[in-house]
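Quick notes on the structure that follows.
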Amino acid sequence: MNASTSAFSVRRAGRRAGGAVLPLALAAAVFAPLRASAAEVTVASTTVSPSRITSGEQAIQTVTLAEPAPAGGVAVDLLDGNEFEDLTYWQATRHRATVPAGQRSVSFPIRVQSATSAGTVTRLTARAGGSAAETSVTVDPIDARVQDVTSFTVDKRIAVEGSKITGTVRLKSPAPVGGLAVDLRQTPYESSAVSFPYYVEVPAGATGATFAMDVTAYDQPRFATVRAALSTATQFAGVIGVPKRYSVGVLGPVRHRPGNAENFGVVGLGGIWHPFGARINLTSDTPGVSAYFSGLPADGSIPSDKDGAQFSIYVDESVPAGTKVKLTASWVLGPSPVTTEFTVQD
């Protein structure tokens, strides 16, 4: 309501049947509540109950305003004070809560990321207009003797862009009242192999839950390690996304002695129909560098129900670091060969 409209309303409301007008001071006092707007409403406080939880558990956050919310309600911004954004809290709240019109407060369930050390404090701030209030929730690790993430599996390790992979997490014991949130994170964080929620909730009384991962590798084969974590209880699953077209790619650095991470790549068959399988020959243009599939049928073909296959790369000690290698994947009786290039590293 702007200034001119407010003045007009006071003049109209002040008229009596006989034409007399209420004193302006009295009229202003009578109609003052009508001038409140969402921008003028302030946050009085925010609280969390219980204020101390175990990793994965649910809490209730309440935001209270200094006065009732006007028509349309009041949108309150919700933020965490961690050095790095709490993605679990973001998924639970989307950083927003609305106090309904005529109400002074709103309560909603929240989750925060699990803790690896006792007494981990997450600060939470609620803001509206120029006002803000702060609270905190303390999170303790879960006792691995009682509860744990015992497994994390995916139904497809390699999948085509635009499709879905189903992930499944399993717990040692049934989830408590309110359920239990298992955090999900991706390494590398910026990988565009797949996308998925930041946590999956195991319902109360259940020992497992599933969630969908969308494959997003639109331009080239991409790899990501997905981590399911509940405090220090952690399980990993590797997933590979491939484009809709026939493709080949090297996933990670290629070294003479790869150490804990092997030299590997993937051939993606894309959306090409291959009811009788796909026979792929891998060739290198550099002596001392070779690539080979493992775990395929005796005829060396990728089965019809697979979207691709992973391969290993061998680099002989005689190949100098810095050597550029071109690797070609030829599909027997299939589309034209595809190539990728990589540089040998120390």
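Values quoted throughout were computed directly from the atomic coordinates according to the rules given, and no laboratory measurement underlies them. What you see is a predicted model, and the numbers here were worked out from it, not measured in a lab. Here the Cβ is made from the backbone with ideal geometry for all residues, glycine too, and neighbour counts use every protein chain on show.
The table below gives the values:
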| quantity | calculated |
| --- | --- |
| Computed over the chain, Kirkwood Rh from alpha-carbon pairs, angstrom | 24.6 |
| Quotient of Cα Rg and 2.2 N^0.38 Å for the stretch 43-140, N being how many residues it contains | 1.06 |
| Loop sites in the stretch 191-223: chymotrypsin sites (Phe, Trp or Tyr not before Pro), DSSP, at most 10 other Cβ within 10 Å | none |
| Highest-fluctuation residue, Ala233, Ala181, Ala298 considered, GNM on the chain with Cα pairs under 10 Å | Ala298 |
| Loop sites in the stretch 58-126: chymotrypsin sites (Phe, Trp or Tyr not before Pro), DSSP, at most 12 other Cβ within 10 Å | Phe84 |
| In the stretch 254-330, chymotrypsin sites (Phe, Trp or Tyr not before Pro) in a DSSP loop with at most 10 other beta-carbon atoms within 10 Å | Trp273, Phe276 |
| log₁₀ of I(q)/I(0) at q = 0.14, 0.25 Å⁻¹ - the stretch 149-236, Debye sum with one point per alpha carbon | -0.47, -1.23 |
| Cα-based helix-to-principal-axis angle, 3-13 vs the chain, degrees rounded to 10 | 40 |
